[in-house]
Structures are given as C-alpha cells and as structure tokens.
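The values are calculated or read from the model by the stated rules, or taken from the named source; none is laboratory data. Not measured: the values here are computed from a predicted model. We place every Cβ from the backbone using ideal geometry, glycine too, and count neighbours over all the protein chains shown.
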Amino acid sequence: MDLNSVTIALFLAAGVRMSVPVLLAALGELVSERAGVFTIGLEGLMLFGAVASAVGLAMTGSPVAALAIGMLGGTLAAVVLALGTVLARANQIVMGIGFNLLAMGVTSLIRQLVLGDTPPAGSLRSVTMMKLPWLSDLPVVGRALFSQSPVFYAAVLLAVALWLMFRFSRLGLLLRAAGENASALDAAGQPVLRLRFGAALFTGMLAGLGGAYLCIIASGGTFIDDMTAGRGYLAIAISIFARWLPLRTLLVAFALGLLEALQFQGQYLGIQIATPLLMATPFVVALVAWVVMGRVGAAPGDLGKPFLRGAGH
C-alpha cells in the first residue's frame, strides 16, 4: 500500500469508529419512533450509559463488564423516561429536554462523588480491536471495516436483524402498528402500552451502549462531563433522515462519521476547510433532517402522540 492508500484507510477507519455511538443510538431511536415514542431524551440516556460504564470499569476492571453495565445504566434511565412519556402520557418533547438537562447534572455529580480521579483500569484491547481473519488483510477496506471494535460488528448485525424484524416478523408488524395507528391496534386486542414501553427500554439499552462506547472505547475509559456533545440529538436526526429504515440508518451514520473524521484528518487528505466549519457539518445535516421531517409527512402517524384507551387521536 502506498502512502495515499494508507491515509485513505486511516480516514475510513476513523469514520467507522466515530459512527458507532450515534449508529447504536439511532437504531434504538428508530425502534421507539416506529412504535410512536419520540425519545428526545436520547442524549441523557447516552450520558447515563457513559457514566455507568465508567463506574463499572472502576469497580470490575473489566471493559466487557463495563460495556454491559453501561447498557444496564441506559436501560434503567429509560425506565424513568418511559414511565413519564408512555405511562403517564407526559409531553414527550418537553420531558425529553428536561431529562437531558437532568442527566447532565446527575452524571456530573456521579463523576465527582464516585469516580473522582480514579484512573481507568487494565487493558481495553478486548473491546477496542478485533481483526477478522483474511478480511482484515484486504487493501484499504481491511483496516477500515475489518479491524474494528467488536461493538461495531454487533451494531452492523443489529441493523440487519432490525431490518429483518420490521420486514418479516410479527413483532415488527406490531411495533409499526403501534406507531401508525395505536387505536386500531388496541381495538385488535394488542397491548399498545406494553409494546411502546418495551421499545423505549430497547432504545435506552442501545443508547446506553452507545454512551459506553464513547467512554470505554473512544475515550480510554475516562468519563468527562457532557461527553456526548450532542450526539443524542444527532442520532435522532439520523433516524429521521434515514426514514426509519435500519440499513439506511447504518449508511447515514457512517457518512456522518466520515464528516466528523474530517475534523481530524482532513488536512492529510488535502482538504482545506476551516475546522469549525467541519465540526458544524454533521449538525447542519441534522438540522436539514428536522426540516425535512416537518415538511414531508413520512413519519409514523402516531409518533409523539400519547396513547389513552378510548380517547382516540
């Protein structure tokens, strides 16, 4: 490989790494939105997952256990959020924004009281790199796609599994119906609230894993305040921009990961664009997605609407 191909491979690999946390959160958001729950609190769920993983790493010294604890932290936080938005039927946007603000304060307090200056424990190699035999030796794409964290491979497989679920399974049909016409689904004798609550918890689990990835894999096990830096909102935009389709979500997340990677490697590729502009680019794309959602009636029909049996919509 010549120098140019090495540079391209490093750029693609960086784009993949940076896409993983938002991809995981976007896949979770896709499921909850398909079920009718607009999880604006995704940013807070990622933060809780990140701080839980840091605490888990400090307690166990195992990066694998830390990722699992991060998933648990995101799930437990999602229980609180879902109790308000799904069962108590609070305004999903207002409560989500409030939840994000609460998460910023609570996770910062946990960092000060529990983590302090505790250094990350042990080697993180088991979760940061897994080379797939033969494939990792391919020129350019080998390093970019097949020498990544096992979490990335899991995220790709999950995207495929969600595509299969929504396209071919009864559960996928029920989740889509809960988001499109909850009253009709309820009239058919199906548990709308249970489906929505389960979808919200699944979103929390994936958002927690995305936050744990940021803390354990991307930051070497160190938690800092507000380390998600808007990625939760970006993940919401990705799911909207991808029209709630799992495989398209995978591609959009990777494209935005490449845009983020330009901040650090653009100069090596000969791209002369101001760094602040490159930093803003993913969020400009997110803004476009929000505008598109407002102008095009492609969203699930009951998205963001609380369900109350017999009340209609």
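Is it fair to say residue 188 is at pLDDT 90 or above and either crowded, with 24+ Cβ neighbours inside 10 Å or closer than 26 Å to residue 101 by Cα (or both)? It is false that residue 188 is at pLDDT 90 or above and either crowded, with 24+ Cβ neighbours inside 10 Å or closer than 26 Å to residue 101 by Cα (or both). Filtering the range 199-255 to residues that are in a helix (DSSP H, G or I), basic (Lys, Arg) and under 19 Å from residue 300 (Cβ atoms) leaves only 248.
Within the range 63-75, can one find any residue that is over 22 Å from residue 216 (Cα atoms) and either touching a helix residue (DSSP H, G or I) at 6+ places or on another chain (Cβ under 8 Å) or among the small types (Gly, Ala, Ser) (or both)? No, every residue in the range 63-75 fails to be over 22 Å from residue 216 (Cα atoms) and either touching a helix residue (DSSP H, G or I) at 6+ places or on another chain (Cβ under 8 Å) or among the small types (Gly, Ala, Ser) (or both).
Being at positive phi, of a type outside the set (Lys, Arg) and without any contact (Cβ under 8 Å) to a residue 24 or more places away in the chain, is that true of even one residue in the range 115-124?
Initially, the range 115-124 is screened for residues at positive phi, giving 116, 122.
When the remaining residues are screened for being of a type outside the set (Lys, Arg), the result is 116, 122.
Those left that are additionally without any contact (Cβ under 8 Å) to a residue 24 or more places away in the chain: 116.
Scanning the range 115-124 turns up at least one residue that is at positive phi, of a type outside the set (Lys, Arg) and without any contact (Cβ under 8 Å) to a residue 24 or more places away in the chain.
Screening the range 89-178 for helices (runs of 4 or more DSSP H) wholly inside it with 2 or more residues that are loosely packed, with under 15 Cβ neighbours inside 10 Å returns the ranges 92-110, 125-128, 150-168. Residue 184 satisfies every condition listed in (1) assigned to a helix (DSSP H, G or I); (2) touching a residue at least 12 places away in the same chain (Cβ under 8 Å) except (2). The single condition among (1) in a loop (DSSP other than H, G, I, E, B); (2) within 17 Å of the chain's Cα centre (by Cα) that residue 36 does not satisfy is (2). Of the residues screened, residue 120 is one that is in contact with a Leu (Cβ under 7 Å, 6 or more places away or on another chain) and modelled with pLDDT under 95.
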